[in-house]
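The structure appears below as structure tokens.
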Amino acid sequence: KQWYQRRVAITAGEETENLDGKVLTSLLKILEGKSTKIEGYTSSLLSDKLGKLINRNPLTSNIPDAGVLNVMEEDIGDLEVDAVPMTVTFSSQSPDPPSTHSQPPTPVLYPWTDIPRVEVPSNKAKWGIALPDYHPSIVNLAPPAGEGSSPQKGYDGPYEIADGYPLNPLGRTGIGGKGGLSSFGPNFFAVPIITRYSKNEGISLEVLVLNTTPIKLPTWEAPRNTPLPPHFTRTLHAAVAHKDTFKVQKELGKILQRGVLIERGVVPSSLNTDNAWCEMLIVSYHDDHDKTFKYIKFGEDSEYTWTSVLSDGMFEDPVISKYFEKAIYTRQLKITDEGTQDLPLIV
């Protein structure tokens, strides 16, 4: 309840927000496990989706407060280096909780290897806490970049260096080296969240995703402070289907300069090691006037496609899912034209 009220206050940009009494009562029943429906929502689909959300990601979860910042040209800089396409799963690097049964827990293997992570107690993860028997295996899958290579500055500021190598700000991971990442220290990834409203059958929110199963947001390893890799911007401009292509492309360029920052910094990832980690730049782009993104169309064999946010299998990756939900709240986007218009929903 406190988390939800805080989110409403933050997204509304004020101390409080008046909600319909029936809606708030319904939400409290949901939090207490007595209901999975909101008063005023007649769509069984929305009720089912909300019920799944409550089971998967309770409203009491600790989602960081939304920081809304415009991503301006001076923040992005003049970087014109093409990004490297890469499939990355930003998921928890922590092993499953220990079983209550007598058998030992299943080892957590580093991706693409049969090398297990050393189990790190949660109260011993921080580097400042002594762990004398900690001797993780070293994994270096990427080509060597030189002994004690000079890492770049991270989004979250300075980080510790030990024996010439950077230390993961999130703490011990159970694996040393740089693993499958390109560099020691921070490795930067761009994750744009591009949304529009579809009006084919009523109003529904759509998001631009990779044309894959399961559904994934476009994600690239890209230079620091590069929210949109140049090759992807060119792809969007080339996908404009309108008789006045230049006019639409001009408006598209304006929208892409008005992104809203959703997250920038270190994120949990199965690829993280003690000496290399993922830092994510997530920016939301939305066509507020519904006059531009509707002309961006992709063929069936395209790498990208538009999909409804109510689609089955949306973002199985919990980290990406969390920040997508945060983008919905930050921008106060409606999911559909059904139900209470003032209530922000996440799926």
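General observations
- Single unsatisfied condition, residue 197 versus (1) hydroxyl-bearing (Ser, Thr, Tyr); (2) over 30 Å from residue 138 (Cα atoms); (3) open to solvent by 50 Å² or more (accessible area, probe 1.4 Å): (3)
- For residue 183, the criteria (1) of a type in the set (Ser, Thr, Tyr); (2) surrounded by fewer than 21 Cβ atoms within 10 Å (Cβ to Cβ); (3) under 27 Å from residue 300 (Cβ atoms) hold in every case but one, which is (3).
- Residue 212 under 16 Å from residue 304 (Cβ atoms), hydroxyl-bearing (Ser, Thr, Tyr), without any contact (Cβ under 8 Å) to a residue 40 or more places away in the chain and open to solvent by 10 Å² or more (accessible area, probe 1.4 Å): yes
- Check on residue 226, assigned to a loop (DSSP other than H, G, I, E, B), crowded, with 19+ Cβ neighbours inside 10 Å and in contact with a Ser or Thr (Cβ under 7 Å, 6 or more places away or on another chain): no
- First in the stretch 295-322 and farther than 13 Å from residue 210 by Cβ, second anywhere and of a type in the set (Asp, Glu) and surrounded by 13 or more Cβ atoms within 10 Å (Cβ to Cβ), Cβ under 8 Å, 6 or more apart: 308/206; 309/206
- For the stretch 137-149, filtered to residues that are within 29 Å of residue 190 (Cβ to Cβ) and surrounded by 11 or more Cβ atoms within 10 Å (Cβ to Cβ), the residue that is modelled with the lowest pLDDT is 148.
- Any hit, the stretch 186-193, residues being of a type in the set (Gly, Ala, Ser), open to solvent by 10 Å² or more (accessible area, probe 1.4 Å) and either within 27 Å of residue 310 (Cβ to Cβ) or over 13 Å from the mean Cα position of the chain (by Cα) (or both): no
- Against the test of being assigned to a loop (DSSP other than H, G, I, E, B) and in contact with a strand residue (DSSP E or B) (Cβ under 8 Å, 6 or more places away or on another chain), the options 214, 218 yield a single qualifying residue, 218.
The values are calculated or read from the model by the stated rules, or taken from the named source; none is laboratory data. A quick note: this is a predicted structure, and the numbers were derived from the prediction, not measured. With ideal geometry, Cβ positions are generated from the backbone for all residues, glycine too; neighbour counts draw on all protein chains shown. Accessible surface areas use protein heavy atoms only, side chains included; no ligands, DNA or RNA. Shrake-Rupley method; radii C 1.70, N 1.55, O 1.52, S 1.80 Å.
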